[in-house]
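Since the structure comes first, as structure tokens, the remarks are kept for the end.
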Amino acid sequence: MKGEAMKFHLLIFMVFLVTLASAASFPSVIIVGAGMSGISAAKNLHDEGIKDFIILEATDRIGGRIHKTEFGGHVVEKGANWLHGAEGPLKNPMYEIAKQIKLKSFYSDFSNVSYNTYKQEGGLYSKEEVDAALDMAESNEDYAEKISERFNAEKGKDDDMSLLAGERLNKREPKTPLEKMIDFYSFDGEQAEAPRVTSLKHIIPRPEFSLFGEGEYFVADSRGFESIVHEIAKTYLTYTNDTVNDPRVIFKQVVKEVDYSKSGIVTIKTEDGKVYTGQAVILSPSIGVLQSDLISFKPELPFWKRRAINEFSIGIYTKIFLKFPKKFWPTGKGNEFFFYVHERRGYYAIWQQLEMEYPGANILFVTVTDDESKRIEAQPDEKTKAEAMEVLRKIFGDDIPDATDIMIPRWYSDRLYRGTFTNWPVGYTTEKHNNLKAPVENVFFTGEHTHAELFGYADGAYYAGASTANEVNKLLKKKMSPRLGSLYWWM
Ligand SMILES: Cc1cc2nc3c(=O)[nH]c(=O)nc-3n(C[C@H](O)[C@H](O)[C@H](O)COP(=O)(O)OP(=O)(O)OC[C@H]3O[C@@H](n4cnc5c(N)ncnc54)[C@H](O)[C@@H]3O)c2cc1C
Ligand SMILES: *[C@@H]1O[C@H](CO)[C@@H](O)[C@H](O)[C@H]1NC(C)=O
Ligand SMILES: *[C@@H]1O[C@H](CO)[C@@H](O)[C@H](O)[C@H]1NC(C)=O
């Protein structure tokens with residue numbers, strides 16, 4: 001090589017080094033949100049050797065919608081509560097971790113509904129009456145399975161109908177208040193939205209059961225369901241005692257802008273004026289957040305993406321916890337749940353006691369969903385307590401004591417969640433769902449809503465994070481190789 005050419009090559013090589021160095025001075029990946037999917041995504045990047053990520057989390061904790069709280073002297077779950085079992089063909093990673101850390105969970109016995117269903121003005125329904133409504137629900141589920149199988153066999157087509165349309169076609173649309181309560185318990189109790197708006201094809205058969213088995217285990221442990229998230233995080237984040245203490249996890253950072261206008265770079269702005277730059281971003285906030293205006297995009301996301309986001313659905317599922325000075329409900333085997341039938345579908349319908357989990361705690365909780373959740377979130381707790389007490393007095397008589405404490409999670413009003421978990425709406429195609437999880441340039445999307453089968457569940461969030469990390473990893477490796485290629489070319 002001649003001297004001049006040598007110098008030129010050296011110069012180019014130095015420019016290349018500077019480029020590399022500046023690339024290294026900002027994190028390769030910015031993850032927004034430290035819920036199950038964000039923590040799972042970061043773990044997978046870490047395992048692939050990408051360790052220069054940062055996680056920006058709006059709150060001061062990891063776990064997101066998996067969140068324990070103290071109530072009446074015990075730890076209860078405001079968010080995710082049930083683990084899917086391990087009797088299915090697939091090992092459930094959540095269940096495996098829970099087993100490993102000996103997280104206390106209790107098999108939920110849903111088998112005795114016929115003995116525990118109360119009328120609007122009080123008194124039990126007969127076993128025969130409830131059994132007839134349960135048979136109707138079972139027939140509807142069987143019919144839905146047949147229809148779903150037929151839809152799924154039609155290659156290239158993406159046909160669907162609502163769960164309600166299936167019930168009508170099966171000539172068993174729930175009509176009486178009792179039938180509607182059982183319908184609410186079977187569908188809204190799981191999907192948090194009504195059969196009228198819910199996809200038959202994407203809900204039935206239920207993959208969480210066909211994959212992991214029928215059993216559902218209710219977590220009641222002072223470490224909380226969130227200790228599963230911590231167990232995953234501990235494999236790659238530094239901890240001091242039981243709290244995350246890793247410079248890569250930055251708490252109290254509410255992301256408000258994602259700027260991807262410059263090729264290969266993403267700039268993130270937070271509400272407190274901080275700016276972070278990376279080669280790619282993974283967004284894990286709930287779809288409720290993406291549907292709101294909390295985060296703006298520069299440039300605006302393309303229409304196909306905004307459409308996929310805004311047409312998917314997030315429901316609201318609210319567990320209202322009540323503490324009493326004494327117990328006045330039946331306990332023991334077969335009495336874990338009781339049900340209340342009201343002319344207003346879903347009005348304080350599903351009750352559960354925690355005697356098995358926390359003996360002597362005298363805690364009950366009742367589950368409401370959707371519009372009832374919105375109504376209850378918007379009113380003072382005292383009003384809700386009075387409504388719940390009125391229901392309990394219809395069931396157990398006027399002599400029962402008032403609740404001494406009440407706790408109502410408000411996931412819908414919280415701008416960081418805007419709902420509890422997603423539901424697949426009727427008419428939403430698989431193509432649209434592919435668009436929902438598809439990246440836009442170097443802006444990637446993860447979260448429970450991006451998992452096509454286990455959407456809505458902690459398991460889904462876990463798998464979604466891994467899958468998104470895998471895509472990001474591919475992008476970063478692809479970006480690396482042409483650069484190395486140019487180095488060889490110059491030399
Ligand atoms: C009441 C309720 C009951 C449930 N029951 C069950 C159950 O029994 N079993 C089950 O498997 N699943 C259940 N789930 C669902 C399960 O909790 C979720 O699917 C899962 O936790 C979602 O994880 P994620 O990472 O997708 O989202 P999230 O947990 O919502 O994580 C997103 C994170 O992003 C943060 N964030 C949001 N906006 C911003 C922003 N602008 N800037 C920075 N950070 C931001 C949030 O604070 C959060 O930490 C339940 C959920 C709720 C709420
Ligand atoms: C961690 O726990 C130990 C023992 O309980 C305690 O002495 C120490 O102060 C804790 N450290 C922090 C940073 O909380
Ligand atoms: C169902 O509940 C009834 C009424 O409390 C009880 O007598 C019965 O033992 C329970 N059955 C089962 C199988 O748990």
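The values are calculated or read from the model by the stated rules, or taken from the named source; none is laboratory data. No experiment lies behind these values; they were computed from the predicted model shown. Note: ideal-geometry Cβ built from the backbone for every residue, glycine included; neighbour counts use all protein chains shown. Surface accessibility is based on the protein's heavy atoms, side chains included, excluding ligands, DNA and RNA. Shrake-Rupley method; radii C 1.70, N 1.55, O 1.52, S 1.80 Å.
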Checking VAL219, VAL229, VAL255 in turn, the sole residue that is closer than 29 Å to ASN310 by Cβ, within 9 Å of ligand 1 (Cβ to nearest atom) and touching a Leu at 6+ places or on another chain (Cβ under 7 Å) turns out to be VAL255
Those residues of the stretch 276-287 which are part of a loop (DSSP other than H, G, I, E, B) and hydroxyl-bearing (Ser, Thr, Tyr) amount to SER284, SER286
Given (1) in contact with a strand residue (DSSP E or B) (Cβ under 9 Å, 6 or more places away or on another chain); (2) touching a residue at least 40 places away in the same chain (Cβ under 8 Å); (3) open to solvent by less than 60 Å² (accessible area, probe 1.4 Å), SER148 misses just (1)
Filtering the stretch 208-225 down to residues that are open to solvent by 20 Å² or more (accessible area, probe 1.4 Å) and touching a helix residue (DSSP H, G or I) at 6+ places or on another chain (Cβ under 9 Å) yields LEU211, GLU216, TYR217, ARG223
When restricted to GLY85, GLY63, the only residue away from ligand 2 (no atom under 16 Å from the Cβ) and modelled with pLDDT of 95 or more is GLY63
The one condition THR240 fails out of (1) within 16 Å of ligand 2 (Cβ to nearest atom); (2) free of Cβ contacts under 8 Å to residues at least 40 places away in the same chain; (3) surrounded by 13 or more Cβ atoms within 10 Å (Cβ to Cβ) is (3)
key: Hey, ILE250 in the same structural domain as LEU454 (by TED's automatic domain parsing), closer than 20 Å to PHE455 by Cβ and touching a residue at least 12 places away in the same chain (Cβ under 8 Å) or not   = no
Taking the stretch 138-159 and keeping residues among the acidic types (Asp, Glu), modelled with pLDDT of 95 or more and either closer than 13 Å to PRO195 by Cα or touching an Asp or Glu at 6+ places or on another chain (Cβ under 8 Å) (or both) leaves GLU141
In the stretch 356-371, anything surrounded by fewer than 19 Cβ atoms within 10 Å (Cβ to Cβ), more than 25 Å from the chain's Cα centre (by Cα) and of a type outside the set (Phe, Trp, Tyr) is listed as MET356, PRO359, GLY360
Given (1) touching a Gly at 6+ places or on another chain (Cβ under 7 Å); (2) in the same structural domain as ILE203 (by TED's automatic domain parsing), THR331 misses just (1)
Exercise. Using the structure shown, decide if LEU290 is more than 16 Å from ligand 2 (Cβ to nearest atom), assigned to a loop (DSSP other than H, G, I, E, B) and under 18 Å from THR446 (Cβ atoms).
Key: no
The stretch 200-275: strands (runs of 3 or more DSSP E) wholly inside it with 2 or more residues that are under 24 Å from LEU354 (Cβ atoms) are 216-219
Flagged in the stretch 372-415 as more than 25 Å from the chain's Cα centre (by Cα), closer than 21 Å to GLU70 by Cβ and open to solvent by less than 30 Å² (accessible area, probe 1.4 Å), in numbering order, are THR384, ALA388, ALA403
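Table: residues versus (1) among the polar types (S, T, N, Q); (2) within 27 Å of PHE53 (Cα to Cα); (3) within 20 Å of the chain's Cα centre (by Cα).
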position	(1), (2), (3)
GLU173	no, no, no
ILE204	no, no, yes
VAL219	no, no, yes
THR238	yes, yes, no
THR243	yes, yes, no
Per the filter on the stretch 306-346, residues small (Gly, Ala, Ser) and either within 16 Å of ligand 2 (Cβ to nearest atom) or not in a strand (DSSP E or B) (or both) are ALA308, GLY332, GLY334, GLY346
Exactly one of ALA378, ALA361 is outside the structural domain of PRO302 (by TED's automatic domain parsing), over 30 Å from GLU57 (Cβ atoms) and at pLDDT 95 or above, and that residue is ALA361
Those helices (runs of 4 or more DSSP H) completely within the stretch 96-190 that have 2 or more residues that are over 30 Å from VAL426 (Cα atoms) are 127-153
Filter the stretch 419-448 for residues that are over 21 Å from ASP159 (Cα atoms) and among the hydroxyl-bearing types (Ser, Thr, Tyr); the one that is least open to solvent (accessible area, probe 1.4 Å) is THR446
